[in-house]
1. Would you mind stating whether Asp265 is at pLDDT 95 or above, among the acidic types (Asp, Glu) and either assigned to a loop (DSSP other than H, G, I, E, B) or over 28 Å from Leu87 (Cα atoms) (or both)?
2. Among the candidates Arg84, Arg58, which residue alone is crowded, with 19+ Cβ neighbours inside 10 Å and more than 18 Å from Leu106 (Cβ to Cβ)?
3. Restricting attention to the stretch 173-182, does a residue exist that is open to solvent by 40 Å² or more (accessible area, probe 1.4 Å), outside any loop (DSSP other than H, G, I, E, B) and of a type outside the set (Lys, Arg)?
4. Look through the stretch 214-232, keep the residues that are of a type outside the set (A, V, I, L, M, F, W, C) and assigned to a helix (DSSP H, G or I), and return whichever of them is nearest to Lys129 (Cα to Cα).
5. Would you mind telling me which numbered condition in (1) part of a helix (DSSP H, G or I); (2) out of contact with any Ser or Thr (no Cβ under 7 Å at 6 or more places or on another chain); (3) open to solvent by less than 80 Å² (accessible area, probe 1.4 Å) Ala197 fails?
6. Which of the residues that make up the stretch 251-281 are open to solvent by less than 60 Å² (accessible area, probe 1.4 Å), on the phi > 0 side of the Ramachandran plot and of a type in the set (Gly, Ala, Ser)?
7. How many of the residues in the stretch 160-175 are of a type in the set (Val, Ile, Thr) and under 21 Å from Phe227 (Cβ atoms)?
8. Kindly establish whether Ser70 is under 20 Å from the mean Cα position of the chain (by Cα) and modelled with pLDDT under 95.
Amino acid sequence: RAWVKIQDGCNHFCSYCVIPIVRGREISRPIETVVNEVKRLVSHGFSEIVLTGINIGRYGFDWHERDALSRLIEVLSDVNGLKRLRLSSIEPFTITDRLIDTVVGLPNVCNHLHIPLQSGNDDVLRAMKRGYNSAFFLNLIDTIRDREPWFNVTTDLIVGFPGEDEVAFEDSLSVMREAMFGRVHVFPFSERPETPASGLSGKIDRREIKRRVSVALDVAKGCAGAFRRQFLDTTLRVIVERISGNEAEGWTDNYLRVKIQSLPDYIGVGDAVYVKVKALDGNYLLGYVVAKA
């Protein structure tokens, strides 16, 4: 797996974030440059390419093309030898119908997006200057999963933002459960100098933040387990990333970790295989190879 940075900088000033201050305005790499880098990496044996950036959903906005990311994905999907293309974190307010159609519709583009929620409470989202509310976020996930029911959405959650009372925190837990995220990164609010959030009233006691982080992690674990259980007795495509003896590990197209038992000796690192899922093993799906993909 190789990472390719397609964009830097951010024009969206969330109230808690220093990135626009330290990284500057948005700038996108030309499509031709990105394609050439991906071709070079694939020629060196990389099976999966991950597109990264600070705000990749606004790729191409600096040259006034709103659908540049979709166009880039479409071009990259045709690169000879590329088995899998994945997007890194993308903001919810940048995801268009065309992008959803592109991601779901192309066979070598992963059915997984990391879409930061940050809070499930509308007042907190407004204070964060996120530019959407909880209903918008949940509707977005419904739209994606209407097209692909097994689509994996992972997310980020900030706990203890100034003004987040117990009701607001419970709203976040409620959205987590409804969205059934495949994974949640939970972060305690950390004040950054020079950001508007650093001057907000209603700061939360650190011990209370720690408690809420623990609660949110428990809910996240339950959501992830419920999402993984859907795949018992199904067959999933996995790219092998690590082999130890006659066992292996890898990831599915929709970003689920898989342990493979009784690995056939003709399978190597980087190979794509179809795996029959028979059990859950902690954060892993557990199965065996039924065919080489």
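The values are calculated or read from the model by the stated rules, or taken from the named source; none is laboratory data. Everything numeric in this text was worked out from a predicted model, so none of it was measured. Reconstructed Cβ throughout: ideal geometry from the backbone, glycine too, with neighbour counts over all protein chains shown. Please note that ligands, DNA and RNA were not included when accessible areas were found on the heavy atoms of the full protein model with its side chains. Shrake-Rupley method; radii C 1.70, N 1.55, O 1.52, S 1.80 Å.
1. Considered against the rule, which asks whether it is at pLDDT 95 or above, among the acidic types (Asp, Glu) and either assigned to a loop (DSSP other than H, G, I, E, B) or over 28 Å from Leu87 (Cα atoms) (or both), Asp265 comes out as no.
2. Just one listed residue meets the conditions, Arg58.
3. yes
4. Only one residue tops the list, namely Ser214.
5. That leaves (2) as the condition not met.
6. Correct list: Gly270 only.
7. First, the residues of the stretch 160-175 that are of a type in the set (Val, Ile, Thr): 167, 175.
Cutting the leftovers down to under 21 Å from Phe227 (Cβ atoms) gives us 175.
Going through the stretch 160-175 one residue at a time, the tally reaches 1.
8. Details: under 20 Å from the mean Cα position of the chain (by Cα): yes; modelled with pLDDT under 95: no.
The answer is no for Ser70.
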